[in-house]
Every structure is written in structure tokens, then in C-alpha cells.
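Only one structure is covered here, and it is reproduced in the block below.
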Amino acid sequence: MTVSYRRIYAEPGPEEGPRVLVDRLWPRGLSKADAGYDEWLRDLAPSTELRRWYAHEPDRYPEFRRRYRAELAAPAAAEPLRHLRELAAAGPLTLLTASRAVELSNAAVLAELLDEQG
């Protein structure tokens, strides 16, 4: 299972497989026609409350990661996570985010979780 993550603003690479946006909000300044994505799973994004608390502050990432993984353990996330696992099992999967610090984003946490469940 190969799950990667990157900014949605980056040009698609040749071996990315399906590109799935996992942010709750649509990326600023990007039209849907130009986004180069296959699906948008906004229901897998962190809750609005968690996203606002985190505010992409690097020192809050460990706690954000813990809280977000707890949200992903909720029953509402089961079906979208199953769908992502199926996509990843079929070949490369790329999770997309608008975050500038992708390594500290929800996409990174999701990729880690999918790799663990691989």
C-alpha cells in the first residue's frame, strides 16, 4: 500500500494514482476545474473545532494528531476510511491538502493511519 500526501496546488505527478482532497474547506484561489483531484472527502477532515484549535501551530501537532485520530475512530469515519483503504490497496493513493506544512497536516495523519492499517 502506497499512500502519499501533498499540497493540492502542486502539479500531479506521473505515479500518484487517485488524488483525494481531505480538507473540510475548499482551497483558496483554486477553481475546481483546475484542482486536479478525483474526489473530495471533506467528512474525513478534522472537525471545525479541532481545526480552529490547531491553527497549524507546529507545537500543537502532537496533540492535534492524537485528537484527530480519536475523531477518525468514530463510527462516522468508518465508511470513508474503508473507501480510502480500498483505493490504496488498488495502487498508489495521494491525499491532498491546502496546508503549507503538509508534514504537519491532517493528510499526514491520515496517510500514517492508512499505512498502519495496510
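The values are calculated or read from the model by the stated rules, or taken from the named source; none is laboratory data. Keep in mind that this is a model prediction, so the values were computed, not measured. Every residue, glycine as well, gets a Cβ built from its backbone with ideal geometry; the counts of neighbours run over all protein chains shown.
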Residue among GLU49, GLU63, GLU15 that alone is in contact with a Pro (Cβ under 7 Å, 6 or more places away or on another chain) and charged (D, E, K, R): GLU15
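Give the residues of segment 14-23 that are part of a loop (DSSP other than H, G, I, E, B) and surrounded by 16 or more Cβ atoms within 10 Å (Cβ to Cβ), sorted by residue number.
GLU16, GLY17, PRO18, VAL22, ASP23
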In segment 27-85, anything in contact with a helix residue (DSSP H, G or I) (Cβ under 8 Å, 6 or more places away or on another chain), free of Cβ contacts under 8 Å to residues at least 60 places away in the same chain, buried (at least 17 other Cβ atoms within 10 Å of the Cβ) and not in a helix (DSSP H, G or I) is listed as LEU41
Find the residue count for segment 1-13, including only residues that are closer than 13 Å to ALA98 by Cβ and not in a loop (DSSP other than H, G, I, E, B). 3
Please go through segment 86-111 and pick out each residue that is in a helix (DSSP H, G or I), at pLDDT 95 or above and more than 18 Å from TRP40 (Cα to Cα). GLU103, LEU104
Residues in segment 29-41: is at least one of a type in the set (S, T, N, Q), over 17 Å from ALA111 (Cβ atoms) and in contact with a Lys or Arg (Cβ under 8 Å, 6 or more places away or on another chain)? no
Mind listing whichever residues of segment 93-108 are of a type in the set (A, V, I, L, M, F, W, C) and surrounded by 23 or more Cβ atoms within 10 Å (Cβ to Cβ)? LEU93, LEU95, LEU96, ALA107
